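> Okay, here's the structure, questions in a sec.
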Amino acid sequence: MPEPKRLDAGHAPAVLAFELANRAFFAASVPDRGDDCFDRFTERYSALLAEQEAGICAFYVLVADDGPVPGRFNLYDLEDGTAHLGYRVAQHVTGRGAATATVRELCGLAAERHGLRTLRAATALENAASRRVLTKSGFVPVGPAGPADLGGKSGTWFQRDLK
């Protein structure tokens, strides 16, 4: 399985292809990013890289040997040793352990590279696959996540202490 690589400008074409190829799949479990996201992809991608450079976020991608991106994993709102985790994997790799293995690895990277002590992630109630990934990766439920947290859906906040 590919290892997570820090997002850089060279990943942009593969990330866009990943998002477009899996858009309908993602929209079944998380709010769709909307046409504007894709129409202004270059601008938005540059903004992500600027946030990463400023230390506000840390973005990772899985890059397969043949080039396509099978997953994205994001640490965002890094502050006071805590960050939020978000991730998405391509439909063709779901159910194969890629998300769980990468989330586990990212927990180590979060502590070692970014000095984080705690990660939090919210998932919608109907997103059983994401809840399984978090649970298998050592996260525990810590309370309800409201519609404002999950694009109009209700769910659960999970947390993992890293140190």
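The values are calculated or read from the model by the stated rules, or taken from the named source; none is laboratory data. Owing to the predicted nature of the structure, the values given are computational and were not obtained by experimental measurement. All Cβ positions, glycine included, derive from the backbone under ideal geometry; neighbour counts span all protein chains shown.
> Considering only residues of the stretch 121-148 that are of a type outside the set (A, V, I, L, M) and crowded, with 18+ Cβ neighbours inside 10 Å, which is farthest from Gln91 (Cα to Cα)?
The initial filter retains those residues of the stretch 121-148 that are of a type outside the set (A, V, I, L, M), namely 123, 126-127, 130-132, 135-139, 141, 143-144, 146-147.
Add one more test, that the residue is crowded, with 18+ Cβ neighbours inside 10 Å, and what stays is 123, 127, 130-131, 137, 139.
Details: Thr123: 18, Asn127: 14, Ser130: 13, Arg131: 17, Ser137: 20, Phe139: 23 Å.
Within the stretch 121-148, the match that is farthest from Gln91 (Cα to Cα) is Phe139.
> If we scan the stretch 37-60, do we find a residue that is farther than 22 Å from Pro147 by Cα, surrounded by fewer than 17 Cβ atoms within 10 Å (Cβ to Cβ) and among the β-branched types (Val, Ile, Thr)?
yes
> Kindly indicate whether any position in the stretch 108-118 is closer than 22 Å to Ser29 by Cβ and surrounded by 13 or more Cβ atoms within 10 Å (Cβ to Cβ).
No.
> Select, from Ala14, Ala47, Ala122, Ala101, the only residue that is in contact with an Asp or Glu (Cβ under 6 Å, 6 or more places away or on another chain) and either within 30 Å of Asp161 (Cβ to Cβ) or not in a loop (DSSP other than H, G, I, E, B) (or both).
Testing whether each residue is in contact with an Asp or Glu (Cβ under 6 Å, 6 or more places away or on another chain) and either within 30 Å of Asp161 (Cβ to Cβ) or not in a loop (DSSP other than H, G, I, E, B) (or both) leaves just Ala122.
> When the residues of the stretch 1-32 are filtered to those that are surrounded by 12 or more Cβ atoms within 10 Å (Cβ to Cβ), modelled with pLDDT of 80 or more and among the charged types (D, E, K, R), which remaining residue is nearest to Phe59 (Cα to Cα)?
It comes out as Arg6.
> The conditions are (1) of a type outside the set (S, T, N, Q); (2) assigned to a strand (DSSP E or B); (3) more than 15 Å from Phe73 (Cβ to Cβ), and Arg132 fails exactly one of them. Which is it?
(2)
> In addition: Quick one: which of Pro141, Pro147 is without any contact (Cβ under 8 Å) to a residue 24 or more places away in the chain, in contact with a Leu (Cβ under 9 Å, 6 or more places away or on another chain) and either within 20 Å of Val30 (Cβ to Cβ) or not in a strand (DSSP E or B) (or both)? Outline the logic, then answer.
On the way: Pro147 fails: in contact with a Leu (Cβ under 9 Å, 6 or more places away or on another chain).
On inspection, the qualifying residue turns out to be Pro141.
> While we're looking at this one, here's another question. Sort out which residues of the stretch 17-44 are touching a residue at least 60 places away in the same chain (Cβ under 8 Å), small (Gly, Ala, Ser) and not in a loop (DSSP other than H, G, I, E, B), and write them in order of number.
Ala21 - this is the single residue of the stretch 17-44 that is touching a residue at least 60 places away in the same chain (Cβ under 8 Å), small (Gly, Ala, Ser) and not in a loop (DSSP other than H, G, I, E, B).
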